[in-house]
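Structure first, commentary second.
The values are calculated or read from the model by the stated rules, or taken from the named source; none is laboratory data. Note that the coordinates shown come from a computational prediction; the quantities given were computed from them, not determined experimentally. All Cβ positions, glycine included, derive from the backbone under ideal geometry; neighbour counts span all protein chains shown.
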Amino acid sequence: MAVAACWGSVALAQVSELPPAVQTPVAVWQGRVSWVSDGDTVWVTPLLGDARKVRLLGIDAPEICQPHGPQAKTALETLVLGKRVTVEGQQLDDYGRLLARVFVTEAHHTPNAASPADVDHPGQQGDTPNRSLDVGRWLVQRGHAWAERFRQAPGRYGADEQQARRLGLGLFAQSDAELPRTFRRRHGPCFEPTTR
């Protein structure tokens with residue numbers, strides 16, 4: 001069921017893949033990526049309004065100051081910077097970032113960026129979804145991020161991570177690749193540049 005929200009022409013819908021107890025309304029909107037902070041955080045400027053900080057839902061990329069962090073950021077910049085995207089946002093995290101899935105429309109794909117498994121269909125009831133590239137899946141498939149897990153569940157991109165591990169892609173080429181949460185416990189957080 002679509003409901004008008006306060007961000008201009010944003011629609012709300014239910015996320016069916018989450019367990020019923022944690023389903024939350026999802027705001028779907030479009031904008032252009034104006035900045036990439038690291039391998040899983042971007043700034044998206046809506047068609048109307050100011051840029052919003054968006055944390056990619058379902059993945060965890062290396063911290064910018066840990067091994068493969070700069071490469072993950074560069075991969076994300078190459079794919080999305082300056083591109084028009086669709087954002088499926090859920091809620092804010094502890095740092096005030098919108099947790100969201102982000103999709104780049106096919107017309108904006110970089111050459112050889114997509115494989116059939118990358119492609120998903122955002123959009124909700126009654127919408128005509130655009131065939132789009134799932135940015136989180138793309139990063140995990142190429143070894144630039146881990147799939148986030150919920151307790152023992154592998155998460156949306158678990159199979160993509162397993163494939164990247166088998167192929168030794170990106171950060172999975174390192175036998176001692178360290179999860180970002182472990183890195184933060186040992187070294188503290190990295191600080192992103194304040195200019196954008």
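Points to keep in mind about this one:
- Taken together, the criteria place Leu79 among residues that are farther than 23 Å from Arg149 by Cα and crowded, with 19+ Cβ neighbours inside 10 Å.
- Out of Ala117, Ala107, sole residue that is at pLDDT below 90, more than 17 Å from Asp40 (Cα to Cα) and within 16 Å of the chain's Cα centre (by Cα): Ala117
- Residues in the range 142-152 include none that are at pLDDT 95 or above and in contact with a Pro (Cβ under 6 Å, 6 or more places away or on another chain).
- Residues (of a type in the set (Asp, Glu) and either more than 21 Å from Lys73 (Cβ to Cβ) or in a loop (DSSP other than H, G, I, E, B) (or both)) located in the range 150-177: Asp176
- Residue within the range 124-136 that is of a type in the set (Lys, Arg), buried (at least 16 other Cβ atoms within 10 Å of the Cβ) and either touching a helix residue (DSSP H, G or I) at 6+ places or on another chain (Cβ under 7 Å) or modelled with pLDDT of 90 or more (or both) present: no
- Flag for Gly69 being small (Gly, Ala, Ser) and over 14 Å from the mean Cα position of the chain (by Cα): yes
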